Amino acid sequence: MKKGHGIGFGKAILFNEHFVVYGIPSIVSAIGNYTVAKIEPYDHTGFTLLDKRLATPKYKEDKLSQQKESFELMFKKMGLDLSKKGISITLEGNLYAASGIGASAASCVAVARALADYFEMNLSDDEINEIAYEGEKGYHGTPSGVDNTASTYGGLIWFQKGEKNVIDRMTLSIPVEIVIGNTGKVTDTKIAVDGVRQRKEKNPKKYQEVFDRAENIAYLAKRAIHDGSLQDVGKLMNENHKLLQQIEVSSRELDFLVSVARDSGAIGAKLTGGGLGGNMLALTPGKELQNKVATAIEKEGFQTVKTVIGASRESVE
Ligand code: MEV
């Protein structure tokens with residue numbers, strides 16, 4: 001990486017978005033696509049932003065004020081004073097900016113790394129992750145930390161929020177192909193998370209049952225991944241999608257893309273990320289199946305990303 005540059009990975013949550021906010025374990029993978037941030041001197045005080053990321057229409061406009069707040073939170077956490085000498089931030093890379101794919105976390109991690117490098121701060125990954133978590137608060141309010149963790153460390157991760165978060169690396173014997181399908185709808189994670197909280201408070205008994213099953217699914221998925229049993233992983237993803245429907249974070253478009261993926265042979269498919277729109281994820285081992293599922297989704301007029309889960313960070317850098 002050049003001086004003042006930093007990278008942050010996109011992510012796909014395989015199991016338990018939303019449930020993770022309440023301390024239920026989740027499984028997340030960084031994906032091969034990433035955001036690069038570049039810091040350069042700026043003639044004025046404060047900061048200026050050049051966002052060159054490819055994006056879902058309206059994504060950048062909708063997120064601009066949250067993005068600015070996110071930068072300010074990170075500057076504060078890093079103790080940076082830009083009132084005398086400003087900086088220019090450029091965002092680019094091959095991760096398109098869309099909901100559900102970790103675009104906000106990837107940009108927080110990339111910016112944190114780039115700032116640390118520019119100001120010669122020599123920070124560890126754990127410190128970068130903490131700064132990016134602060135930055136994520138600008139977008140989510142109360143993030144669980146799962147997204148910035150995947151964006152920072154890369155690879156496949158078991159993540160559980162707690163007094164001290166559990167972050168365990170998981171392994172797949174070889175990286176597995178996935179397809180990410182974009183509904184094209186920009187969503188606000190904060191609204192999605194608030195909605196779950198309100199409904200959970202109104203229907204504690206129903207939600208407790210769904211949350212208990214989500215916890216169960218995390219452990220079953222952990223075992224299936226450990227055993228390399230992808231068919232079981234796929235079935236559990238399908239079941240996880242049902243639970244996400246029950247807590248009302250899916251949408252008509254997401255359910256449609258999930259059924260297109262399954263009908264064209266995906267061994268599992270579910271929404272990924274905050275839901276209500278944004279992206280879905282299909283497990284499609286092998287290039288042939290991956291192409292088939294991606295083509296089926298594209299034929300319906302939706303954009304896809306073909307990537308893998310379980311690749312190590314080194315293999316994509
Ligand atoms: C968003 O990518 C994941 C959520 O679980 C929110 C969070 O964990 O902070 C919906």
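Quick check on the stretch 269-279. Is at least one of its residues crowded, with 24+ Cβ neighbours inside 10 Å, without any contact (Cβ under 8 Å) to a residue 40 or more places away in the chain, in the same structural domain as residue 191 (by TED's automatic domain parsing) and more than 16 Å from the ligand (Cβ to nearest atom)? The answer is yes; a qualifying residue exists. Taking the criterion of being under 19 Å from residue 103 (Cβ atoms) and either among the hydroxyl-bearing types (Ser, Thr, Tyr) or in contact with a Pro (Cβ under 6 Å, 6 or more places away or on another chain) (or both), the residues of the stretch 143-179 that qualify are 144, 149, 151, 152, 153.
Looking at 162, 135, can you tell me which residue is part of a helix (DSSP H, G or I) and at pLDDT 95 or above? Of 162, 135, the one residue that is part of a helix (DSSP H, G or I) and at pLDDT 95 or above is 135. Tallying residues that are touching a strand residue (DSSP E or B) at 6+ places or on another chain (Cβ under 6 Å), hydroxyl-bearing (Ser, Thr, Tyr) and surrounded by 24 or more Cβ atoms within 10 Å (Cβ to Cβ) within the stretch 105-148 yields 1.
Within the stretch 79-95, residues that are more than 19 Å from residue 110 (Cα to Cα) reach partners that are exposed (fewer than 12 other Cβ atoms within 10 Å of the Cβ) and not polar (S, T, N, Q) with beta carbons closer than 8 Å, at six or more positions or on different chains, in the pairs 85/41. Of 258, 293, all but one fail to be part of a helix (DSSP H, G or I), under 19 Å from the mean Cα position of the chain (by Cα), modelled with pLDDT of 95 or more and over 21 Å from residue 207 (Cβ atoms); the exception is 258. Would you confirm, using the coordinates I've provided, whether residue 156 is under 29 Å from residue 269 (Cβ atoms), surrounded by fewer than 20 Cβ atoms within 10 Å (Cβ to Cβ) and in contact with a strand residue (DSSP E or B) (Cβ under 7 Å, 6 or more places away or on another chain)? Criteria not met by residue 156.
Summed over the stretch 113-149, residues that are away from the ligand (no atom under 14 Å from the Cβ) and β-branched (Val, Ile, Thr) total 2. Taken as a whole, the stretch 76-93 holds no residue that is within 16 Å of the ligand (Cβ to nearest atom) and either assigned to a strand (DSSP E or B) or under 25 Å from residue 182 (Cα atoms) (or both).
Listed by first and then second residue, the pairs linking a residue in the stretch 140-162 that is closer than 19 Å to residue 67 by Cβ to a residue that is assigned to a strand (DSSP E or B), with Cβ atoms under 7 Å apart and 6 or more places separating them unless they lie on different chains, are 147/11; 151/8; 151/9; 151/11; 151/30.
Residues in the stretch 150-186 that are of a type outside the set (A, V, I, L, M, F, W, C) and within 10 Å of the ligand (Cβ to nearest atom): 161 only.
Would you confirm whether or not the stretch 301-317 contains a residue that is within 22 Å of residue 228 (Cβ to Cβ) and within 16 Å of the ligand (Cβ to nearest atom)?
yes
A quick yes/no check of all residues on (1) within 20 Å of residue 295 (Cβ to Cβ); (2) surrounded by fewer than 21 Cβ atoms within 10 Å (Cβ to Cβ); (3) within 16 Å of the ligand (Cβ to nearest atom):
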site	(1), (2), (3)
247	no, no, yes
254	yes, no, yes
257	yes, no, no
263	yes, yes, no
283	yes, no, no
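Please enumerate the residues belonging to the stretch 187-206 that are within 16 Å of the ligand (Cβ to nearest atom) and of a type in the set (Lys, Arg). Quick ask: steps written out before the conclusion?
Initially, the stretch 187-206 is screened for residues within 16 Å of the ligand (Cβ to nearest atom), giving 187-200.
Matches in the stretch 187-206: 190, 197, 199, 200.
For the stretch 1-60, please list each of the strands (runs of 3 or more DSSP E) lying entirely inside it that holds at least 3 residues being within 14 Å of the ligand (Cβ to nearest atom), touching a strand residue (DSSP E or B) at 6+ places or on another chain (Cβ under 9 Å) and in contact (Cβ under 8 Å) with a residue 24 or more places away in the chain. Ranges flagged: 5-15, 26-42.
The values are calculated or read from the model by the stated rules, or taken from the named source; none is laboratory data. Model, not experiment: these values are computed from the prediction. Note that each Cβ is placed from the backbone with ideal geometry, even for glycine, and that neighbours are counted across all protein chains shown.
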